[in-house]
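These notes concern the structure reproduced below.
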């Protein structure tokens, strides 16, 4: 049985508590994402946590290349020198 920490905090202290924390069966407070990671790990295995990461790595290379090229081109176009370049 999961209990939202907001509700628990209001009941115990009469004040709002951080919204994305949950209290599990053992009454341990943990962020919601930690609980979800453990649930995914238990139900689908460790490989499910990394599903889709390879395509994201493949996607990053062209994105970063375009970003650096655009940055360098605009620097030259607008005649801007980098800090610490010493006028080189």
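The values are calculated or read from the model by the stated rules, or taken from the named source; none is laboratory data. Not measured: the values here are computed from a predicted model. Please note: Cβ atoms are built from the backbone with ideal geometry, for glycine as well, and neighbour counts cover all protein chains shown.
So which of 67, 47 is modelled with pLDDT of 90 or more and either in contact with a strand residue (DSSP E or B) (Cβ under 9 Å, 6 or more places away or on another chain) or loosely packed, with under 10 Cβ neighbours inside 10 Å (or both)? Talk me through it step by step, then tell me what you get.
Numbers: 67 fails: either in contact with a strand residue (DSSP E or B) (Cβ under 9 Å, 6 or more places away or on another chain) or loosely packed, with under 10 Cβ neighbours inside 10 Å (or both).
Unique residue meeting the criteria: 47.
Yes/no matrix, rows are residues, columns are (1) surrounded by 10 or more Cβ atoms within 10 Å (Cβ to Cβ); (2) part of a loop (DSSP other than H, G, I, E, B); (3) at pLDDT 90 or above; (4) out of contact with any strand residue (DSSP E or B) (no Cβ under 6 Å at 6 or more places or on another chain):
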{"residue": "17", "(1), (2), (3), (4)": "yes, yes, no, yes"}
{"residue": "26", "(1), (2), (3), (4)": "no, yes, no, yes"}
{"residue": "59", "(1), (2), (3), (4)": "yes, no, yes, yes"}
{"residue": "82", "(1), (2), (3), (4)": "no, yes, no, yes"}
